[in-house]
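The block underneath contains the structure these notes are about, expressed in structure tokens.
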Amino acid sequence: MAKYQDLADAIIAGDNVKSKEVTQELVDSGIDAQEILNEGLVAGMNVVGKRFKANEMYIPEVLIAARAMHAAMDILKPLLSESGAQSKGTILVGTVQGDLHDIGKNLVCMMLEGGGFNVVDIGVDVPNDKFVEEVKKNNVKVLGLSALLTTTMPVMKEVIEALQSDSETKDVKVVVGGAPLTQEYADSIGAAGYAPDASSAVDVVEELLSS
Ligand code: B1M
């Protein structure tokens, strides 16, 4: 039987055929989609992140690993969404301007969908005014911002300020996340919430919507 390690290895090797095959096998054997996501996909990407940092993997290999992860996500996404009951509300999510990283954001979106939220994902490199426009268009109470670069973290503050300066969006609560962020940083820019990972993003959004 396929194991989580086989899936993590397929992600690390960037083998999108194998990552799909193993994911399907794990799903067919009755394992919970969230567990497959955490123990196989996220575990594999964590290794990729560490190797990239240690210059043991380079950008093209990382991109190929990301493609293998997305291939597996295609199988898990509908299952994670199904596991949620009725929609608990709509959440808008995007990666800030200047930042193209979307793997973590996509995981957050999947977990939120799995947690029963309707998610509007507006992608990467999103201009500040686009966030404001989409918040109004979708009438959301919570906006999720992702940033993976120390150079794009400050853009989150700009988005929060843009929302606060508009009477229609001033009460929108902003949840921030991304590898370089901390609770202290989130507090310093006036974010309503911070989540260190995709699972806790669901808890934070639930808390903000109920407060
Ligand atoms: Co880039 N990159 N990258 N990269 N990349 C990092 C972030 C880096 C730390 C690598 C390193 O040097 N060690 C470094 C940033 C350094 C810094 O800012 N101090 C870096 C750099 C420098 C760059 C470039 C500038 C490289 C270059 O071109 N010279 C360039 C920038 C491009 C741009 O954005 N303008 C770049 C490009 C790329 C790729 C395109 C090759 C690729 C992105 C592919 C993609 O996303 N489609 C890439 C990748 C993959 C990485 C690493 C290796 C992995 C990121 C990742 O996907 N992690 C990363 C190194 C690392 O993190 N160790 C790195 C897995 C993912 C599951 O985790 O995204 O942290 P993460 O998300 C987590 C949590 O953070 C949290 O939940 C997620 C799941 O648990 N979370 C949220 C994230 N968003 C959230 C939002 C929330 C709540 C929680 O609420 C809304």
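Since every read-out is calculated from the coordinates, none of them should be taken as a lab result. Since the model is a prediction, treat every value here as computed from it, not as a measurement. Cβ placement follows ideal geometry from the backbone for every residue including glycine, while neighbour counts extend to all protein chains displayed.
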**OP:** Could you grab the relative contact order for the chain? Cα pairs under 8 Å, six or more apart, rounded to a whole percent.
**Re:** 16
**OP:** Using the Kirkwood radius over Cα pairs, work out the Stokes-Einstein diffusion coefficient for region 90-210 at 20 °C and 1.002 mPa s, in µm²/s as a whole number.
**Re:** 157
**OP:** Would you work out the charge dipole size for the chain about its Cα centre, treating the Cβ of every Lys and Arg as +1 and the Cβ of every Asp and Glu as -1, and quote it to the nearest 20 debye?
**Re:** 200
Original post:
How far is helix 198-210 tilted off the main Cα axis of the chain, in degrees rounded to 10, range 0 to 90?
Top reply: 30
**OP:** Could you state the angle between the C-alpha long axis of helix 4-13 and the longest principal axis of the C-alpha atoms of the chain, as a value from 0 to 90 degrees rounded to the nearest 10?
**Re:** 80
Subject >> Cubic angstrom per residue, convex hull over Cα atoms of region 1-97 >> reply: 108
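What's the FRET efficiency of residue 56 with residue 188 using the Cβ-Cβ distance as r and R₀ = 41 Å, to the nearest 0.05?
E(calc), rounded to 0.05, equals 0.75.
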Subject >> Per residue Cα convex hull volume in Å³ - calculated over the chain >> reply: 109
Original post:
What's the extension gain from residue 179 to residue 158 if we count 0.36 nm per residue and subtract their Cα-Cα distance?
Top reply: 5.7 nm
Original post:
Under a point-charge model restricted to the Cβ atoms of Lys and Arg (+1) and Asp and Glu (-1), what is the dipole moment magnitude of region 90-210 relative to its Cα centre, in debye to the nearest 20?
Top reply: 120
**OP:** Please work out the Cα center distance from region 1-32 to region 123-168, rounded to the nearest Å.
**Re:** 35
Subject >> Length released on extending from residue 118 to residue 133, taking residue separation times 0.36 nm less the Cα-Cα span >> reply: 3.6 nm
